[in-house]
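What follows is a short report on a single structure.
Readers should treat all values here as calculations from the given coordinates under stated rules, not as data from a laboratory. Bear in mind that the values here come from a model prediction, so they are computed numbers and not experimental data. With ideal geometry, Cβ positions are generated from the backbone for all residues, glycine too; neighbour counts draw on all protein chains shown.
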Amino acid sequence: MTTVSTFSKPTRLGTGLLALAGAVVAVALVWAASRVLGIELRVDPGNGQPPGVISLPFAAVLTLLVSALGWGARALLGRLTGRAATIWTALAGGVLLLSFLPLFGVEATGAAKTVLALMHLAVAAVLIPVFGRRGEAAGPGR
């Protein structure tokens with residue numbers, strides 16, 4: 001008797017979309033934890049604009065947009081070089097480090113800055129293992 005599996009290898013598109021969703025969920029979990037702990041994500045940009053609160057929709061949409069840019073960069077590198085995974089991982093690490101710089105230029109409580117830094121790390125923890133790996137499922141489309 002022959003058994004046919006209904007499970008197939010994940011497509012690049014499916015893997016990428018799951019990575020984007022995972023990044024958004026990771027940010028949402030960190031944001032929710034901050035609410036449970038009573039940490040208000042109020043940030044004063046110090047540029048004359050009034051202080052603002054980082055809401056869940058704002059954090060989720062920004063995460064989705066930045067993650068999509070990362071996915072696009074990975075796909076472009078995949079078309080241009082055979083070392084796309086290595087190059088993208090190095091770029092992602094650099095972008096992660098640069099993403100912490102604004103935390104030094106804004107007024108916010110130490111707890112709020114810590115939560116914001118954890119959000120950046122949560123996104124990196126999801127995206128870097130997925131888009132930084134070698135193989136077919138790392139880039140978009142099929």
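Quick check on packing: order 61-73, 114-126 by the mean number of other C-beta atoms within 10 Å, highest mean leading.
Per-residue Cβ counts within 10 Å, averaged per peptide and sorted highest first, yield 114-126, 61-73.
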task: Using +1 at the Cβ of each Lys and Arg and -1 at the Cβ of each Asp and Glu in region 12-134, identify which of 60, 26, 127 lies farthest towards the dipole's positive end.
output: 127
query: Among 56, 98, which comes first, second and so on when ranked by fewest other beta-carbon atoms within 10 Å?
result: 98, 56
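Only helices at least 27 Å long along their axis, Cα-based, and averaging -0.5 or more on Kyte-Doolittle count here, so list those DSSP H runs from the chain.
Length and hydropathy pass: 12-36, 56-80, 110-131.
So what's region 12-134 giving for Cα Rg divided by 2.2 N^0.38 Å, two decimals?
Working it through for region 12-134, the quotient is 1.13.
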